[in-house]
Structure formats: structure tokens, C-alpha cells
């Protein structure tokens with residue numbers, strides 16, 4: 001059995017050359033900024049999930065590679081466009097694509113990565129790949145809908161926690177759910193195994209986003225790659241903030257007043273951070289992450305007990321969940 005970093009490194013050794021080969025087929029005007037963007041990649045958790053899900057149903061890891069490449073291309077298309085939408089000039093301590101090459105280039109490079117994802121996945125038209133492509137299409141549609149909701153939240157005076165979770169389930173959870181089942185789909189696994197792996201990924205997605213929201217307020221910039229309190233400065237209605245705004249406390253009223261301002265200075269960002277905590281945002285978001293982590297692990301346990309996935313495969317998926325969540329909740 002291996003730890004989280006070793007799992008990610010093993011997956012990257014399989015997936016990175018395939019991504020490089022796919023990018024090499026782009027025209028120079030797209031390839032150069034795309035390769036620049038991929039020079040600052042994150043951990044590669046989504047493609048690793050595809051590799052592990054193939055192994056979990058008894059297939060060789062290579063089976064999951066086409067879906068892993070497609071997933072990473074889709075994820076990075078969304079990041080490039082998110083940076084434009086959020087006006088973020090830095091990601092992972094590097095200048096973002098739009099800030100370095102221009103907004104127009106950022107838009108078309110993101111578009112190119114989205115198209116390339118489906119080109120890679122459908123380079124062979126097997127029934128398994130066609131099924132995976134259909135599932136990926138649904139995941140991308142849900143991701144885009146979630147992004148649209150997130151953008152609309154900025155104009156709405158009141159957002160419920162249910163609305164926030166619906167948005168995050170689409171924006172983050174849909175692709176993680178697909179990633180967790182994609183390798184199994186390509187391996188031709190039965191519907192029970194695929195569905196259980198989807199459930200694991202969906203709950204992992206909610207836990208992951210809750211932890212990410214916590215890091216966006218209280219995280220170390222060295223880990224997040226963004227300035228401290230960036231989400232508060234941008235007045236994002238993340239899970240901890242929405243919980244605090246709906247707490248019915250005096251902190252909720254003060255936080256709503258701060259969030260109604262056009263810009264927040266450093267002192268106001270710090271005040272907002274304290275108000276979110278006073279309104280229960282930190283504690284309840286941590287509890288939400290714990291709940292969905294437990295549900296993700298329970299889905300794996302059920303699959304292993306029914307022998308729909310290998311016990312070792314389920315354990316590696318749990319190890320990866322522990323690692324990517326960082327157990328910061």
C-alpha cells in the first residue's frame with residue numbers, strides 16, 4: 001500500500017506524457033500558452049482518481065489514462081476561464097494565462113482544451129469510450145451551470161446554504177464524481193461499481209470544496225497559492241460565509257454590511273474573517289466536510305464489502321481522499 005503523494009506521482013508518470021502529446025498537436029498560437037499553463041499544474045488529483053478507479057475494478061492503470069487526460073484538460077480549461085472571470089492575475093505563484101498572454105488568448109486556449117479533451121477521449125470509438133464521453137459531457141454541463149450560479153450569487157442579497165451546495169456540487173463535485181468512475185467505465189465495469197464510485201466522488205467533491213472554502217479564508221498562502229483571505233476580499237459567497245450570513249446573529253448583520261461594500265481593505269478582510277467565525281461558518285463548514293468525507297468512505301466500504309471493487313483499490317481511494325482533503329477539518 002502506498003501513501004497519497006506516491007499515488008499521485010504514479011498517476012502523473014502515466015498521464016503527463018499523454019497530456020504533453022495531446023498539447024503538442026495544437027497550433028503554435030494555442031500550444032505555447034497551453035504548455036505554459038500546464039507548467040504550473042496542481043497535484044493532479046482528478047486524473048489520479050481515474051487511474052485508481054480502473055485499478056479498483058481489476059483493470060490495468062493504463063485503462064484509465066484516456067479519461068484521466070480528458071479530465072485534466074477539462075479541469076484546466078475551467079481554471080483558465082475562472083481566472084479571467086475572477087480577474088485573478090496569479091495562480092500557484094505564477095502569472096495566469098490571460099494576464100501573461102491577454103484575455104482573448106485565455107478564452108480561446110480554454111476553449112481549445114475543452115475540445116481537445118473530447119478529441120482524446122473519442123480517439124477510439126469503443127462503447128466504453130462513448131459512454132465515458134457522454135458522462136463527461138454531463139459533468140461539464142453541470143460544472144458550467146455551477147460556475148454560472150456562482151457568478152449570479154454576487155448580485156443576490158441572500159443565498160441559502162442549499163443553494164450554495166447546489167452550486168458547488170455542480171462546479172466542483174460533478175467533475176470529481178466523473179473522475180472517480182471514469183476508469184471503471186473504460187474498464188467495462190458493471191453499473192453497481194460505477195454508481196458506487198460516482199457516489200464516492202460526489203461526496204468527496206462536497207468535502208473537497210468545503211475544505212477549499214475554509215482555506216480560502218483561513219489558509220496559508222504558501223499552500224493555496226493565493227493571497228490570504230482572497231475569497232473574502234472578492235466577497236465570495238462560499239460555504240462558511242453563507243452559513244455565517246444565515247446565522248441570525250449580530251455577526252451576520254455586520255458581515256452583510258461589509259459584503260455590501262464595493263471593496264474591502266486589509267482591515268475589513270480581517271474583520272470579515274472574524275465575523276464568519278463568530279457566525280459559525282468555520283465550525284459548521286468543518287462539520288460539513290467531515291460528514292461528506294464519512295459518506296465517501298462509506299460508499300467505498302460498501303463497494304469493497306460487496307466485492308464490486310477490490311479491497312486494495314478501495315483503500316487507495318480512501319488514502320487519496322485523506323491526502324487531498326489534508327484532514328484540515
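The values are calculated or read from the model by the stated rules, or taken from the named source; none is laboratory data. Treat the numbers as computed from the prediction; the structure is a model and nothing was measured. Here the Cβ is made from the backbone with ideal geometry for all residues, glycine too, and neighbour counts use every protein chain on show.
Points to keep in mind about this one:
- One residue stands out in the range 222-257 among those that are in a helix (DSSP H, G or I) and over 12 Å from residue 275 (Cα atoms): the one that is modelled with the highest pLDDT, namely 239.
- Tally, over the range 9-54, of residues that are surrounded by 22 or more Cβ atoms within 10 Å (Cβ to Cβ) and under 18 Å from residue 314 (Cα atoms): 11
- Condition check for residue 162 on (1) free of Cβ contacts under 8 Å to residues at least 60 places away in the same chain; (2) farther than 26 Å from residue 115 by Cα; (3) crowded, with 16+ Cβ neighbours inside 10 Å: one failure, at (3).
- Residue pairs whose Cβ atoms lie under 7 Å apart, separated by 6 or more positions or on different chains, with the first residue in the range 192-221 and free of Cβ contacts under 8 Å to residues at least 60 places away in the same chain and the second surrounded by 21 or more Cβ atoms within 10 Å (Cβ to Cβ) and not in a helix (DSSP H, G or I), are 216/238.
- Exactly one residue among 54, 68 is within 24 Å of residue 97 (Cα to Cα) and in contact with a helix residue (DSSP H, G or I) (Cβ under 9 Å, 6 or more places away or on another chain), and that residue is 68.
- The residues listed here are 296, 278, 272; of these, the one that is at pLDDT 90 or above, surrounded by 16 or more Cβ atoms within 10 Å (Cβ to Cβ) and either within 20 Å of the chain's Cα centre (by Cα) or within 30 Å of residue 181 (Cβ to Cβ) (or both) is 296.
- Only one of the listed residues (184, 193, 202) is touching a helix residue (DSSP H, G or I) at 6+ places or on another chain (Cβ under 7 Å) and either buried (at least 24 other Cβ atoms within 10 Å of the Cβ) or closer than 19 Å to residue 77 by Cα (or both). That residue is 184.
- Residue ranges of helices (runs of 4 or more DSSP H) in the range 1-101 with at least 3 members modelled with pLDDT of 95 or more and more than 30 Å from residue 236 (Cβ to Cβ): 4-24, 28-38, 45-56, 65-86
- For the residues 143, 149, the requirement of being in contact with a helix residue (DSSP H, G or I) (Cβ under 7 Å, 6 or more places away or on another chain), at pLDDT 95 or above and assigned to a helix (DSSP H, G or I) singles out 143.
- So residue 267, is it modelled with pLDDT of 95 or more and out of contact with any strand residue (DSSP E or B) (no Cβ under 8 Å at 6 or more places or on another chain): no
- Verdict on residue 212 being modelled with pLDDT of 90 or more, crowded, with 17+ Cβ neighbours inside 10 Å and closer than 30 Å to residue 301 by Cβ: yes
- Check on residue 285, at negative phi, over 26 Å from the mean Cα position of the chain (by Cα) and surrounded by 16 or more Cβ atoms within 10 Å (Cβ to Cβ): no
- Single match in 140, 120, 109, 97 (criterion: more than 29 Å from residue 206 (Cβ to Cβ) and touching a residue at least 60 places away in the same chain (Cβ under 8 Å)): 109
- Residue match in the range 160-169 (condition: assigned to a helix (DSSP H, G or I) and within 17 Å of residue 74 (Cα to Cα)): yes
- Pairs are defined by a Cβ separation below 9 Å, a sequence spacing of at least 6 or placement on different chains, a first member in the range 28-55 that is at positive phi, and a second member that is part of a helix (DSSP H, G or I) and surrounded by 16 or more Cβ atoms within 10 Å (Cβ to Cβ); the pairs so defined are 44/8; 44/11; 44/12; 44/15; 44/16; 44/68; 44/72.
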